[in-house]
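Structure first, then comments.
The values are calculated or read from the model by the stated rules, or taken from the named source; none is laboratory data. Small disclaimer: the values here were computed from a predicted structure and weren't measured. When we count neighbours, we look across all protein chains shown, and the Cβ atoms used for this are built from the backbone with ideal geometry, even at glycine. Accessible surface areas use protein heavy atoms only, side chains included; no ligands, DNA or RNA. Shrake-Rupley method; radii C 1.70, N 1.55, O 1.52, S 1.80 Å.
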Amino acid sequence: METKDLLKKVRKIEIKTRRLSDHIFSGEYHTSFKGRGMTFSEVRQYQYGDDIRSIDWNVTARYNEAHVKVFEEERELTLMLMVDVSGSESFGTKNQLKSEIVTEIAGTMAFSATQNNDKIGLILFSDAVELYIPPKKGKSHVLRIIRELIEFQPKSKKTDISQALKFLSGTQKKKAIVFMISDFIVNDDYEKTLKIASKKHDITGVRVYDIREEKMPNIGMVEMEDAESGEILVVDTRSKSTRLNYEKQYHEKVSFFKEIFSKCGSGTINTRVDESYVTKLLGYFKSR
């Protein structure tokens, strides 16, 4: 992609996602995710209604007048965006590809975090970690993340969520807010690695999918290519058993995603490419 075209795309994503984060998400993001704890702010005179447990007895004795310790929430957080860049993300039958919606969601979350002066990091993964951008603050950093989401070309088309989660656990020593964005149509069993990672981090799985992935249409003999393996098969979609078997396998993977994330105490968001991800994100934030 030429630099001029890339900058246009980055600017377009910036305008849309910043507007969403400024007017809709920043407050919801702030209240949904807590800081790392309470830090000491100051000592002031006791006021009616103050909790007596907060009285600083040493200062009170020194001035012969009741004083209390004041604490405030330590707001600085780290937001890690874990984005699936495997071959299946380039699929889409409506107005946008899954990868385009993924970029918008990631951009919105990044600008919302920036509003709260949080650090933002990025992990792009396929069946290996393709790119890691360490957490930093600032608009220019967010724009770099958006550029990578738009133009990055992965080496592999396959997916391995377990490898991405292992990398997260190995690089992020302090608690982070983690949004893993994928279609979660994978064959690997990531329960163990998710369980380990979720003990330290606040993880949310964002499943982005297309309506045509849910059901196989009856359109006769069709040549199909697996987006991740590259394997080409001729499929008789007229066969009811073929269509039912496809649906069964698809829903088994979706059920696994929902059940395992819930079992590990992690949140889930499910949004179709032709639905409003804004509504889905807001609903999730409010439910927290």
Report the Rg/Rh value for the chain, based on alpha-carbon coordinates and the Kirkwood definition of Rh. 1.09
Only Lys, Arg (+1) and Asp, Glu (-1) charged, at Cβ; the chain dipole about Cα centre in debye: 580 debye
Leaving out ligands and nucleic acids, note down the accessible area per residue over the chain with a 1.4 angstrom probe, in whole Å². 54 Å²
Starting from the eigenvalues of the Cα gyration tensor, five times each then square-rooted, give me the equivalent ellipsoid semi-axes of the stretch 194-278, largest first, whole Å. 31, 14, 12
Going down the list K12/K173; K98/K280; K69/K137, which pairs span over 23 Å between their C-alpha atoms? K12/K173; K69/K137
Among 177-183, 228-234, 264-270, 135-141, how do they line up by average Cβ neighbours within 10 Å per residue, starting with the highest? 177-183, 264-270, 135-141, 228-234
Solvent accessible area, Å² - D189, 1.4 Å probe, full protein context: 100 Å²
Apportionment of accessible area to carbon and sulfur, the stretch 141-288, percent (1.4 Å): 48 percent
